[in-house]
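The values are calculated or read from the model by the stated rules, or taken from the named source; none is laboratory data. All figures in this text were calculated on a predicted structure; none of them were measured in a lab. A quick note on method: Cβ atoms are made from the backbone with ideal geometry, for glycine too, and the neighbour counts reach across all protein chains shown. Surface accessibility is based on the protein's heavy atoms, side chains included, excluding ligands, DNA and RNA. Shrake-Rupley method; radii C 1.70, N 1.55, O 1.52, S 1.80 Å.
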Amino acid sequence: IGELEGVAVLVEALEWSVEEATRARPLSLSAVETVWSAVAGNEDNEAQLEADGGVAALIKLLEEGPREMKLVVVSCLTELLENPLLLDAAARWRCRQTRRGLTPLLLDVWEEEAAREEAARRMHVEVHNEAARAEG
């Protein structure tokens with residue numbers, strides 16, 4: 001993939017903007033999955049990913065993308081960040097608006113998911129309680 005400049009094409013597909021959400025979502029998701037399967041674990045492709053700004057593009061996708069995209073990006077980043085070069089790039093990344101780094105972003109993603117899980121659990125309990133009241 002690296003010899004054919006495919007990493008650069010993948011990085012372009014990872015770029016995300018809220019305005020392009022409808023068009024970019026399927027392409028971005030496919031690009032993340034391709035990075036995960038074709039780039040992760042290959043040192044040459046990982047180096048090219050960093051050179052082409054792919055780590056920053058993945059983190060921006062994590063920051064701005066929809067929930068289902070975030071789960072795949074976190075999984076992909078988990079494997080990619082085993083490479084010290086990519087880990088260093090991720091550690092240097094800062095949000096353009098807030099200047100916060102990857103760690104606070106990951107904590108926010110975790111808190112959002114925990115809140116979603118709690119809301120789903122509460123809804124399940126409420127439905128169960130309503131059914132019990134109706135029977136009883």
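Excluding ligands, DNA and RNA, what is the solvent-accessible area per residue of region 35-136 at a probe of 1.4 Å, expressed in Å²? Write down the numbers at each step before the final one.
Numbers: 6370 Å² over 102 residues.
In whole numbers, region 35-136 has 62 Å² accessible per residue.
Whenever you get a sec, line up 103, 34 from highest to lowest accessible area (probe 1.4 Å, protein heavy atoms).
Numbers: 103 95, 34 50 Å².
From most accessible down to least: 103, 34.
Using a Förster distance of 41 Å, how high is the FRET efficiency between residue 87 and residue 131, based on the Cβ-Cβ distance and rounded to 0.05?
On the way: r = 49 Å, r/R0 = 1.20.
E(calc), rounded to 0.05, equals 0.25.
The list (i) 195; (ii) 104; (iii) 134 gives values of volume of the Cα convex hull per residue in Å³, and only one came from this structure; which label was calculated from it? The listed entry that was calculated here is (iii). Element breakdown for the chain at a 1.4 angstrom probe: carbon and sulfur atoms account for 54% of the accessible area.
When shorter helices are ignored and each DSSP H run of at least 4 residues is given -39500 (n - 2.57), the per-residue value for the chain at 222 nm works out to -24000 deg cm²/dmol.
Cα centroids of region 68-135 and region 35-64: 19 Å apart. Taking a Cβ cut-off of under 14 Å around residue 107, the surrounding Lys, Arg, Asp and Glu residues balance to a net charge of -3, with basic ones at +1 and acidic ones at -1.
Computing FRET efficiency as 1/(1 + (r/R0)^6) for residue 116 and residue 43, where r is the C-beta to C-beta distance and R0 is 30 Å, gives about 0.25. Based on C-alpha pairs under 8 angstrom that are at least 6 apart in sequence, the chain has a relative contact order of 21 percent.
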